[in-house]
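Only the coordinates and a few stated rules stand behind these numbers; no lab work does. Predicted model, so just to flag it, every value in this text is computed and none were measured.
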Amino acid sequence: MLFNLHQVRKIAQNAPYILVVEGYTDVIALHANGIPYAIAPLGTAFGESHLQQIWRYHSNPILCFDGDRAGQKAMIRAADMALPHVKAGQLIRFCGLPNGEDPDSFIRGSGVVSM
């Protein structure tokens with residue numbers, strides 16, 4: 001299950017990307033700061049079924065996990081999981097955050113950055 005996918009799928013066709021974060025509080029903070037196309041896994045680590053579900057709605061997800069050691073490990077696991085499934089027209093990108101930051105704290109401290 002992906003938190004906020006029910007809303008994001010309505011706007012996914014016109015969104016520049018879908019931002020995948022670790023937790024629903026990050027999704028809420030990003031939405032409050034002008035990024036309505038963020039989603040997060042609920043209760044599990046990001047996995048292949050999540051990625052396949054996202055690719056149904058958008059071909060360009062960006063994974064942005066926490067900047068701590070656990071977030072970095074999760075991003076490496078996600079890359080290892082995703083790369084064998086990438087096909088023509090399907091991308092996956094990664095956004096690293098500074099150590100100690102998560103999307104919520106980063107957006108509050110830095111503001112929205114255009115991509």
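Worth a mention:
- A Gaussian network model of the chain, with springs between Cα atoms under 10 Å, assigns the largest mean-square fluctuation among 49, 59, 105 to 49.
- Taking the chain and dividing mean pair separation by its residue count, relative contact order in percent (alpha carbons under 8 Å, at least six apart): 29 percent
- In order along the stretch 14-20, the phi-based Karplus estimate (6.51 cos²θ - 1.76 cosθ + 1.60, θ = phi - 60°) of 3J(HN,Hα) comes to 9, 7, x, 6, 10, 9, 9 Hz; Gly and Pro are listed as x.
- Working note: Cα gyration tensor of the stretch 41-115, eigenvalues times five, square-rooted, sorted largest first, giving semi-axes of 22, 15, 11 Å.
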